[in-house]
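Q: One structure coming up, written as structure tokens, with questions to follow.
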Amino acid sequence: SMKYQVNLPEGTFSVELVHEGESWLGFAFSETGLMIGSEAVLGLPEENAVKKYYLTGKSTGSIEVMPDVQQTLMDASIEIVDGQTIMKFTKFLSENGEITILPSGKNIMLYAHGDGLTLGYHGPQGRASFELDL
């Protein structure tokens, strides 16, 4: 499940993802609906880390962590509770050099999860592309 909120005075977008199972989670912002060229927030439970990444290809070697100066997520966390993986984060709507989240209008977003805690292939059942009209 997913909950989200646009915080207009602050210019931010908050997300809470709940996945039935224990795995890494990904939530991406896209201009095309395709993985390549999108920008993701990945939650890795084994590392207790939620960071921003460039998706430059489909292999794990093509998933590049953004530089520290671009790691601007707020209230970011990932945890496993009663067999569910829960990832939360708040991101600025507009950041220099990144895909802009439109506070009104359609945004293309991607979701993915793995079969385990370590980042790896999500499989055809572990991904989705969708439009969100904020």
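The values are calculated or read from the model by the stated rules, or taken from the named source; none is laboratory data. These figures come from a predicted structure and were not determined experimentally. Here Cβ is always computed from backbone atoms with ideal geometry, including for glycine, and neighbour counts include all displayed protein chains. Surface areas here come from the heavy atoms of the whole protein model, side chains and all, with no ligands, DNA or RNA. Shrake-Rupley method; radii C 1.70, N 1.55, O 1.52, S 1.80 Å.
Q: Can you go through D133, D115 and tell me which one is in contact (Cβ under 8 Å) with a residue 12 or more places away in the chain, within 17 Å of K3 (Cα to Cα) and open to solvent by 30 Å² or more (accessible area, probe 1.4 Å)?
A: Unique residue meeting the criteria: D133.
Q: Suppose the filter is at pLDDT 95 or above, of a type in the set (A, V, I, L, M, F, W, C) and more than 16 Å from L17 (Cβ to Cβ); does I86 pass it?
A: No; evaluated as a whole, the condition is false for this residue.
Q: I'd like the residue in the range 92-113 that is in contact with a Ser or Thr (Cβ under 6 Å, 6 or more places away or on another chain) and of a type in the set (A, V, I, L, M) and, out of all such residues, is nearest to P45 (Cα to Cα).
A: L110
Q: Can you spot a residue in the range 104-116 that is β-branched (V, I, T), assigned to a strand (DSSP E or B) and over 17 Å from S14 (Cβ atoms)?
A: yes
Results for (1) loosely packed, with under 12 Cβ neighbours inside 10 Å; (2) within 15 Å of the chain's Cα centre (by Cα); (3) of a type in the set (A, V, I, L, M, F, W, C), shown as yes or no for each residue.
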{"site": "E39", "(1), (2), (3)": "no, yes, no"}
{"site": "P45", "(1), (2), (3)": "no, yes, no"}
{"site": "Y53", "(1), (2), (3)": "no, yes, no"}
{"site": "V69", "(1), (2), (3)": "yes, no, yes"}
{"site": "D82", "(1), (2), (3)": "yes, no, no"}
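Q: Looking at the range 1-29 only, could you name the residues that are over 15 Å from the mean Cα position of the chain (by Cα) and either open to solvent by less than 10 Å² (accessible area, probe 1.4 Å) or touching a residue at least 24 places away in the same chain (Cβ under 8 Å) (or both)?
A: V6, N7, L8, G11, E20, G21, E22 - these are the residues of the range 1-29 that are over 15 Å from the mean Cα position of the chain (by Cα) and either open to solvent by less than 10 Å² (accessible area, probe 1.4 Å) or touching a residue at least 24 places away in the same chain (Cβ under 8 Å) (or both).
Q: While we're here: Looking at (1) modelled with pLDDT under 95; (2) out of contact with any helix residue (DSSP H, G or I) (no Cβ under 9 Å at 6 or more places or on another chain), find the lone condition where I101 falls short.
A: Checking I101 against (1) modelled with pLDDT under 95; (2) out of contact with any helix residue (DSSP H, G or I) (no Cβ under 9 Å at 6 or more places or on another chain), the one that fails is (1).
Q: Sticking with this one: Which condition number does D133 fail, the rest of (1) among the acidic types (D, E); (2) modelled with pLDDT under 95; (3) closer than 14 Å to H19 by Cα being met?
A: Unmet for D133, out of (1) among the acidic types (D, E); (2) modelled with pLDDT under 95; (3) closer than 14 Å to H19 by Cα: (3).
Q: Tell me, please, whether a residue that is part of a strand (DSSP E or B), hydrophobic (A, V, I, L, M, F, W, C) and open to solvent by 60 Å² or more (accessible area, probe 1.4 Å) can be found in the range 94-102.
A: No, that holds for no residue.
Q: Answer with yes or no whether E79 is among the acidic types (D, E) and closer than 23 Å to D133 by Cβ.
A: Here the answer is no, as E79 does not meet what is asked.
Q: Before we move on, is G123 outside any strand (DSSP E or B), surrounded by fewer than 17 Cβ atoms within 10 Å (Cβ to Cβ), on the phi > 0 side of the Ramachandran plot and modelled with pLDDT under 95?
A: yes
Q: Filter the range 49-69 down to the residues that are free of Cβ contacts under 8 Å to residues at least 60 places away in the same chain, farther than 19 Å from V15 by Cβ and among the hydroxyl-bearing types (S, T, Y) and list them by number.
A: Result: T56, S59, S62.
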